[in-house]
1. Give the cross-link partners of K46 among the lysines, using a straight C-alpha distance below 28 Å as the criterion and excluding same-chain residues fewer than 8 apart.
2. With N denoting the number of residues in the stretch 50-144, provide Rg(C-alpha) divided by 2.2 N^0.38 Å, to two decimal places.
3. When the chain is fully extended, how far beyond the present Cα-Cα distance does T182 get from K57, taking 0.36 nm per residue of separation?
4. Report, to two decimal places, the Cα Rg of the chain normalised by 2.2 N^0.38 Å (N = number of residues).
5. If R₀ is 25 angstrom, what is the calculated FRET efficiency for the pair A86 and R126, using the beta carbon separation as r and rounding to 0.05?
6. According to a simple spin-label model (label point 7 Å from Cα along Cα-to-Cβ), what is the distance in nm between E244 and A259?
7. Expressed in nm to one decimal, what extension gain is obtained for the pair D224 and D73 from 0.36 nm per residue of sequence separation less their Cα-Cα distance?
8. With +1 on each Lys and Arg Cβ and -1 on each Asp and Glu Cβ, and nothing else charged, work out how big the dipole of the stretch 60-174 is about its Cα centre, in Debye to the nearest 20.
Amino acid sequence: MPVNTSPQLVQRTQVPAGPSLLGQGDVLARLRDHERGPIHIIDPFKVPQAEAVEKAKLLDTLGYPAVILASTDYESFEARMEPYVAAIKEATSLPVLLHFPPRKGLGFPLARGADAVLLPALLGSRDDYYVWKSYLETLVNLPGRVDREDWPELLLAAALTFGEDHKTGDLLGTVPVATVGTEQMDRYIAVTRSFGFHMVYLYSRYTQVPVEVVRHFRRRLDPDQIVFVSGNVRRREHVTAYLEAGADYVGFAGALEHADWRTTLTEISADRP
């Protein structure tokens, strides 16, 4: 299947001037310079705010680079997210990153106080909106916001899904990336490099991204392009395998969605300072 992009439209887009846009702020530099390792993803539409704050405090103590707030499904985003972000920011020094799918007509949702937002281009989607139009729509809606220093930095991510995932497929039109042979992956890698994405986000909802896939991407991407992998990471050995394959960050979410999350976090973070 061909990569569904429109280079002419993307290259001609004028990015509004303003602080902390398109990865020119502190968050991208922090992610590039920080020690590679695990990173926790919290679903603010499942995890109570008080619990998220406690988790973020411990992540801060353990030396994590950031905390990611993400969900596939969300409602009343602004009303929920701004106090949620503010509570984490008040209690910790961690940068808060947002990772949510866009809404047609509005683009990617933003929340005041967040340090950065991941803008994923779903290169394997059948719907142009989720490949590139959502990014342009977000920029169109930015001019009224960019003169405010409390809006997040934009981080551009080439996002790819692996393994059957009807939920994401039905919602965002994604088609799983083939892992038999490398031709399709190499096309996506070429797009990621030529468009200068800040990172590639490799995700599997029900299985795991194959370790050899991570290794393939790391070998062929530019050194400063971040390799992020997540999906069903529940134990330290999962993190270690991905780091050894060249991942910069290994995201985990559901592993901490239980009462004894502190024990699990300690185990996943075993090699951290």
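No value in this document is a laboratory result; all are computed from the given coordinates. None of these values were measured; they are calculated from a predicted model. Cβ sites come from the backbone with ideal geometry, for glycine too, and all protein chains shown count toward neighbours.
1. K55, K57, K89, K104, K167
2. Against the empirical 2.2 N^0.38 Å value, I get 1.17 for the stretch 50-144.
3. 40.9 nm
4. 0.94
5. That pair, A86 with R126, gives E of 0.10.
6. For A259 paired with E244, the spin-label model returns 3.5 nm.
7. Stretched out fully, the D224 to D73 stretch lengthens by 51.3 nm.
8. The calculation lands at about 180 debye.
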